[in-house]
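Scroll down for the structure; my scribbles are underneath it.
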Amino acid sequence: MKTIFEPFRIKVVEPIRMTTPEQRRRVIEAARFNLFAVYADDVLIDLLSDSGTSAMSAQQWGVLMQGDESYACSPSFYRFEAAVRKLMPFKHVIPTHQGRAAEAILFSILGGAGRRIPSNTHFDTTRGNIEATGADAVDLVIKEGLDPNADHPFKGNMDVERLEALLMRDAERVPVVMLTITNNAGGGQPVSLANIRAVSEVSRRYGKPLFIDGCRFAENAYFIKMREPGQQGRSVLEIVRETFSLADGMTMSAKKDAFANIGGWLALNDDDLAAAARNRLLLTEGFPTYGGLAGRDLEAIAQGLDEITDEDYLRYRAHSNEYVGGQLDKMGVPIVKPVGGHAVFVDARAMLSHIPPLEYPGQALAVALYETGGIRTCEIGTVMFGRKPDGREEPGGMDLVRLAMPRRVYTKSHADYIIEVFDEVYKRRKELRGFKIIWEPPALRHFTAHFARL
Ligand code: F0G
């Protein structure tokens, strides 16, 4: 059969409260055209993030009851640790309340003024945590990774030559090499196993530990199985294990590829680094066997990790994004190609070419999608990145709108609705107008800025 359907039945439902375009126009105006300020109840389809928004399985809800809330050495921690180690064979597994807490702990130890930390592309919290210590976050993705139209199966790959050049020049300043799989900031693009092997080899040759930001490790492994020569006969589980055996440690947000609504971890092999991380953890997160999480959260993560490598799930996951992306592409909507693992990225700068970057075409598209169809998306462009530390404003590298797909939450008819809303907005694209910012905070303005229509 050709139809790939959702490989689950629905046992519990959350009603969606219907709204009219007229109501939504009032809502978005009251929110000063900032989608982060819209009440989630006023959203029909929420594609703001795939983080923490997964639907848990009946098994996950079941094991919540087994959460052991002992302060120290809870059995839930050991189940969590075993579930992580089954996929990622690291000696030390340190739970944190979410991914950025693991990053903050790691870079509080390895960062510092004058240091340089390369990655394919650092996610913004990773970059923020590195820069907060005075270190320099260096992005070394291959050139195809920066071109929305370049067709390449692994646009998340690191440019190994540039990594080697950096290490040759600046080795003593580099405490760790990072690799983000999949590359969220670059469109959810995967990294090939060959690239992970090459990055690992170069890092080892220079005596540098390699840490993987593994938020979407299962989606990455599935792309490797589908696209990389020689990998078709292997299970996703095997590919995952090989991926992490090539690294010395990892940071993780369990809010992505662990089907959990909260949680994360730092895992690594080095005993001294682990001891330093646990000392930090005690100050900022909690005791090393719970690290900012309840025992029940640790149980939900352990069970989620058991489910995420299911290849029927991963096939449906990749297919549903490709379906939305493919239909938008057919309609003429410019998207980042190929479609990434967790989201479809629309090139708003190309779609709304009459709106200059400093009038925020991404914001204009995001607002139109909300008004027209109640769909909440996220601008990743000049609003997010345009304000420089010295106060200047300039266009972001791209003006994208991200349609992040929550895991196991929406069905094919929700996808059809998204496509229909796009059809409507695309037809009226020439009528859309840009925005100006009438108030913004000193940093991370996209979360709270106020906009007005031009
Ligand atoms: N690394 C990557 C690649 C991420 O995508 C995220 C979060 C983090 C680290 C931080 O994890 O949120 O648990 O602290 N990404 C979310 C998103 C917020 O919407 O893409 P966290």
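Would you compute, for the Cα atoms of region 148-217, the largest minus smallest coordinate along each principal axis and list the three values in descending order, in whole Å?
Computed over the Cα atoms, the extents are 35, 23, 20 Å.
Quick check: at a probe of 1.4 Å, how many percent of the accessible area of region 327-369 sits on carbon and sulfur atoms?
Accessible surface attributable to carbon and sulfur in region 327-369 totals 51 percent.
Find how much the distance from residue 452 to residue 315 grows on full extension, using 0.36 nm per residue of separation minus their present alpha carbon separation; answer in nm with one decimal.
The residue 452-residue 315 span can extend by a further 45.1 nm.
Ignoring ligands, DNA and RNA, what percent of the 1.4 Å accessible area of region 237-326 is carbon and sulfur?
Exposed carbon and sulfur together represent 45 percent of the surface.
Based on the alpha-carbon set only, what is the convex hull volume of region 322-427 divided per residue, in Å³?
Looking at region 322-427, the number lands at 104 Å³ per residue.
If you put +1 on each Lys and Arg Cβ and -1 on each Asp and Glu Cβ, how big is the dipole of the chain around its Cα centre, in Debye rounded to 20?
It comes to approximately 440 debye.
In degrees from 0 to 90, rounded to the nearest 10, what is the angle of the helix 75-87 Cα long axis to the longest principal axis of the chain?
The two axes meet at around 80 degrees.
To the nearest 0.05, what FRET efficiency results for residue 275 and residue 205 with a Förster distance of 30 Å applied to their C-beta separation?
That gives a FRET efficiency of 0.65.
Using the structure shown, list the pairs from 91/337; 91/256; 143/256 with a Cα-Cα distance above 29 Å, or answer none.
Violating the 29 Å limit, Cα to Cα: 91/337.
Taking the convex hull of the alpha carbon atoms in region 1-55, what volume per residue do you get, in Å³?
136 Å³
Relative to the present Cα-Cα distance, how much length would full extension add between residue 150 and residue 283 at 0.36 nm per residue of separation?
43.3 nm
Using a 1.4 angstrom probe, figure out how much accessible area region 138-231 has per residue, in square angstrom, rounded to the nearest whole.
It amounts to 35 Å² per residue over region 138-231.
Can you work out the PRE-style zone for residue 29? Point 7 Å along Cα to Cβ, and I want the residues of region 340-377 with backbone N under 19 Å.
Label zone hits: 364-375.
Over 16 Å apart: what share of the alpha carbon pairs of region 101-192 falls there, rounded to a whole percent?
52 percent
Tell me, what % of the accessible area of region 25-174 is carbon and sulfur with a 1.4 angstrom probe?
53 percent
Quick check: the distance between the Cα centres of region 1-74 and region 272-336, to the nearest angstrom?
If you average the Cα positions of each part, the centres end up 15 Å apart.
Which value, in Å², gives the accessible area per residue of region 267-340 when a 1.4 Å probe is used on the protein heavy atoms?
39 Å²
Cα-Cα pairs above 15 Å in region 247-341: how many percent?
71 percent
Using only the Cα atoms of region 378-435, what are the Rg and Dmax in Å?
Cα only, region 378-435: 15.6, 46 Å (Rg, Dmax).
Translational diffusion coefficient of region 78-149 at 25 °C, 0.890 mPa s, Stokes-Einstein with Kirkwood Rh over Cα pairs, in µm²/s as a whole number.
For the chosen part, D equals 175 µm²/s.
Taking the Cα atoms of region 1-103, what is the range of coordinates along each of the three principal axes, in descending order and whole Å?
55, 42, 28
Restricting things to alpha carbons, tell me how big region 82-122 is in terms of Rg and Dmax, in Å.
Considering region 82-122 through its Cα atoms, Rg and Dmax are 12.8, 37 Å.
Let me see the pair-distance distribution of the chain: every alpha carbon pair, 10 Å bin width, integer percents in order.
4, 21, 31, 28, 14, 2, 0
If a/c stays under 1.5 just call it rounded; otherwise compare a/b with b/c (prolate if a/b is bigger, oblate if not). Do that for region 32-152, with a ≥ b ≥ c from the square roots of the Cα gyration tensor eigenvalues.
It comes out oblate by the Cα gyration axes.
May I ask you to derive the FRET efficiency for residue 238 and residue 113 from their Cβ-Cβ distance with R0 = 41 Å, giving the value to the nearest 0.05?
FRET efficiency, residue 238 to residue 113: 0.50.
When the expected Rg is taken as 2.2 N^0.38 Å, what fraction or multiple of it is the alpha-carbon Rg of region 113-272?
Ratio of Rg to 2.2 N^0.38 Å for region 113-272: 0.98.
The values are calculated or read from the model by the stated rules, or taken from the named source; none is laboratory data. Only a predicted model underlies this, so the values are computations on that prediction, with no experimental measurement involved. In this analysis, Cβ positions are derived from the backbone assuming ideal geometry, glycine residues included, and neighbour counts consider all displayed protein chains. Just so you know, the surface numbers come from the protein's heavy atoms only, side chains and all, with ligands and any DNA or RNA stripped out. Shrake-Rupley method; radii C 1.70, N 1.55, O 1.52, S 1.80 Å.
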